[in-house]
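Right, one structure below, let's go through it.
Throughout, read-outs are computed from the coordinates displayed, never taken from laboratory work. Worth saying up front: this structure is predicted, and the values here are computed from it rather than measured. Cβ sites come from the backbone with ideal geometry, for glycine too, and all protein chains shown count toward neighbours.
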Amino acid sequence: MKLNIVLVEPEIPQNTGNIARTCAAIGAKLHLVYPLGFNISEKAVKRAGLDYWDKLEIEEHLSFAKFLEKYKPEENNMFFVTTKGKHVYSEPNYAEMNEVFALFGKETKGLPEDILLKYIDKTIRIPMRPTLRSLNLANSVAIVAYDIVRQADFDGLEEISNYFTF
């Protein structure tokens with residue numbers, strides 16, 4: 001299965017760097033949708049992603065409209081991650097899908113509400129206490145991404161540590 005992590009207008013460079021590192025670790029393609037709240041060459045982004053930038057595939061999009069035009073939600077297994085999601089992130093059977101897109105909005109506002117309403121059946125959420133607003137973006141991506149690859153039996157990922165011999 002091919003996993004695509006889509007960041008729509010991310011604002012915090014450290015989050016994007018950490019997400020890039022997660023994508024590199026699991027072999028996911030990272031999509032960055034402009035405008036970004038920072039310069040992609042900023043030290044904070046590079047530092048958070050460490051030396052993983054050359055180990056992942058990144059596709060940049062000039063706008064969210066251009067992304068949706070290229071990768072149509074009606075034709076792709078696309079999931080919009082939001083605190084207002086109709087389904088829990090673990091409900092879809094990702095293992096049956098050849099390719100999955102998980103979309104995450106900017107840290108301060110999330111994904112555009114009109115898009116969430118239009119694709120309400122494709123919205124997913126991470127359960128949490130009702131009195132809290134949201135989780136950190138990098139943590140949210142890790143939670144959802146790892147569940148998707150878990151459902152695909154961690155295909156292509158190291159299953160046994162070769163660091164220690166017992």
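A Gaussian network model of the chain, with springs between Cα atoms under 10 Å, assigns the largest mean-square fluctuation among Ala145, Ala24, Ala65 to Ala65.
Computed on the Cα trace of the chain, the radius of gyration divided by the Kirkwood hydrodynamic radius gives Rg/Rh = 0.96.
Before anything else, pin down the relative contact order of the chain: Cα pairs under 8 Å, at least 6 apart, normalised by residue count, whole percent. Intermediate results must be reported in sequence, preceding the final value.
On the way: 277 pairs, mean separation 45.8, N = 166.
RCO, the chain: 28 percent.
DSSP beta bridges confined to the chain are antiparallel in about 5 percent of cases.
Among Leu56, Phe101, Leu117, pick out the residue whose Cα is farthest towards the positive end of the charge dipole of the chain, where Lys and Arg carry +1 and Asp and Glu carry -1 on C-beta, about the Cα centre. The Cα lying farthest towards the positive end belongs to Leu117. Split the chain at each of the trypsin sites (Lys or Arg not before Pro) in a DSSP loop with at most 12 other beta carbon atoms within 10 Å, and the longest piece is 1-108. Close Lys pairs in the chain (alpha-carbon distance under 15 Å; sequence gap of 8 or more, or different chains): 11.
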